[in-house]
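One structure follows; several queries about it will come next.
Quick note: the coordinates plus some simple rules give every number you see, no bench work behind them. Keep in mind it's a predicted model, so treat the numbers as computed, not measured. We place every Cβ from the backbone using ideal geometry, glycine too, and count neighbours over all the protein chains shown.
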Amino acid sequence: MEVFSINTSLGILSDTELVTVYSKALIYKLDIRFVELILQELNRRGLKEAS
């Protein structure tokens, strides 16, 4: 069984998908640590966070 880190998994998403995941994570009030990981990936890509 192959194990992926969350950063690797987020890295395979397109920019649009990543922004959507971030928006949904905020809407559904997911764990703040997960939201922060998404935000780190958005920043790494130089994308503005979704409002």
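Can you work out ³J(HN,Hα) from phi for every residue in the range 9-15, in order, using Karplus 6.51 cos²θ - 1.76 cosθ + 1.60 and θ = phi - 60°, giving whole Hz and x for Gly and Pro?
Each residue of the range 9-15 in turn: 5, 5, x, 8, 6, 6, 4 Hz.
Be a star and scan the range 11-30 for residues whose amide nitrogen sits under 20 Å from the point 7 Å along the Cα-to-Cβ vector of ARG44.
Label zone hits: 11-26.
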